[in-house]
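The structure appears below as structure tokens.
None of the figures in this text is laboratory data; all of them are computed from the coordinates on show. Just so it is clear, the model here is predicted, and its values are computed rather than measured. FYI the Cβ positions are ideal-geometry reconstructions off the backbone, even for glycines, and counts take in every protein chain you see.
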Protein chains: 2
Amino acid sequence: MKFCSACGHRVSHVIPAGDNRPRYVCDGCAQVHYQNPNIVAGSLPVLGGRVLLCRRAIEPRRGFWTLPAGFMENGESLEQAARRETLEEACANLGPAQIYTLFDLPHINQVHVFFRAELASEHFAAGEESLEVRLFEEAEIPWKELAFRTVARTLECYFADRLAAGYPVRNEVLPPLAVTAVTP
Amino acid sequence: MKFCSACGHRVSHVIPAGDNRPRYVCDGCAQVHYQNPNIVAGSLPVLGGRVLLCRRAIEPRRGFWTLPAGFMENGESLEQAARRETLEEACANLGPAQIYTLFDLPHINQVHVFFRAELASEHFAAGEESLEVRLFEEAEIPWKELAFRTVARTLECYFADRLAAGYPVRNEVLPPLAVTAVTP
């Protein structure tokens, strides 16, 4: 952020009076521009014990498999966002949905929330952002070709919870992946 | 939003190619400026069956009682945000915390998340944003002087769930309050 979105003046990155962390503050009109985490909402659609996954047609992670998910929009609820993304990416409607997994990704300022639901019908198809959409038995899940960690972790939780016949709501922090230093 | 925060040019409110809703798009550098819901994180601190509430020293709702809560910051988890707000507003540390209530407030583009926790000690005090902090028995809760609906609803859920001896995670949509039209 370099310019004030309200008046167009330059902004400075300073700690405002009465605050305790740096914010972008307008040099002209003094407006403080807060930056806060974004929410990604998605679903774990199930039909006859099989799980619906979408192969991504867009970056990031084009060609990898994901649960339907995307940024929550202003004016909608978490569940509405999850249903909209499911419709957009998999042309599928969900039956009654339960909130299931919440992941904190503080290193990228995101919270990912997944709802668990049966598909409302057998109809699904690849939406514009998907190359392919299909149902997977547990043994068929392409674990090495999953697009995102929160997708993998939601699937892990689901299959474990299904065995245990209970689906507790889970809130987990996913720190950055350890990077192996490469030294010459 | 009137100006691009990246280059300072004017923005237009238009539907970008490949999108389906209006966004602020820069007339100069073409950057799309997305606007998304914010997260408010807070806690329901309990000690010996009593609930800790803070009387607000700041607007909005100065003088009314609230659970400690505030906007989640970049770089923190939901639970860290709830603990930070509890420390800032009530000078109190929480023991182990469980995610408890999630409220969608689509009319104000917010999601409120409360964690349930015992206080880690008997120490608490009014932080800068509080006039007063105290513990309340259920019968003492100032229902008509609560600052926010998500606070009232979290307390309602808590006392009901305590009777039932189970604390399911709840996700509820709180639509705008009905406004009674005043006609002359």
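Being touching a Pro at 6+ places or on another chain (Cβ under 9 Å), in a loop (DSSP other than H, G, I, E, B) and closer than 30 Å to residue B:131 by Cβ is the requirement here; does residue B:73 meet it? Quick ask: steps written out before the conclusion?
On the way: touching a Pro at 6+ places or on another chain (Cβ under 9 Å): yes; in a loop (DSSP other than H, G, I, E, B): yes; closer than 30 Å to residue B:131 by Cβ: yes.
Yes.
With respect to residue B:63, is the statement that it is assigned to a strand (DSSP E or B) and closer than 30 Å to residue B:95 by Cα true? Answer is no for this residue.
For the range B:32-54, check the following and say yes or no: at least one residue is in contact with an Asp or Glu (Cβ under 8 Å, 6 or more places away or on another chain), more than 30 Å from residue B:128 (Cα to Cα) and loosely packed, with under 12 Cβ neighbours inside 10 Å. No; the residues of the range B:32-54 include none that is in contact with an Asp or Glu (Cβ under 8 Å, 6 or more places away or on another chain), more than 30 Å from residue B:128 (Cα to Cα) and loosely packed, with under 12 Cβ neighbours inside 10 Å. Among the conditions (1) surrounded by fewer than 22 Cβ atoms within 10 Å (Cβ to Cβ); (2) over 24 Å from the mean Cα position of the chain (by Cα), residue B:4 misses just one, which is (1). Checking each residue in the range B:16-29 for being in contact with a Cys (Cβ under 9 Å, 6 or more places away or on another chain) and surrounded by fewer than 13 Cβ atoms within 10 Å (Cβ to Cβ) picks out only B:29.
Would you confirm whether any residue within the range A:76-86 is of a type outside the set (Lys, Arg) and either away from chain B (no Cβ under 14 Å) or more than 30 Å from residue B:97 (Cβ to Cβ) (or both)? Scanning the range A:76-86, I find at least one residue that is of a type outside the set (Lys, Arg) and either away from chain B (no Cβ under 14 Å) or more than 30 Å from residue B:97 (Cβ to Cβ) (or both), so the answer is yes. Scanning the range A:106-125 for residues that are surrounded by 21 or more Cβ atoms within 10 Å (Cβ to Cβ) and either part of a strand (DSSP E or B) or within 12 Å of another protein chain (Cβ to nearest Cβ) (or both) yields A:106, A:111, A:112, A:113, A:114, A:115, A:116, A:117, A:119. Determine whether the range A:91-104 contains at least one residue that is outside any loop (DSSP other than H, G, I, E, B), among the acidic types (Asp, Glu) and over 22 Å from residue A:128 (Cβ atoms). Yes: the range A:91-104 contains one or more residues that are outside any loop (DSSP other than H, G, I, E, B), among the acidic types (Asp, Glu) and over 22 Å from residue A:128 (Cβ atoms).
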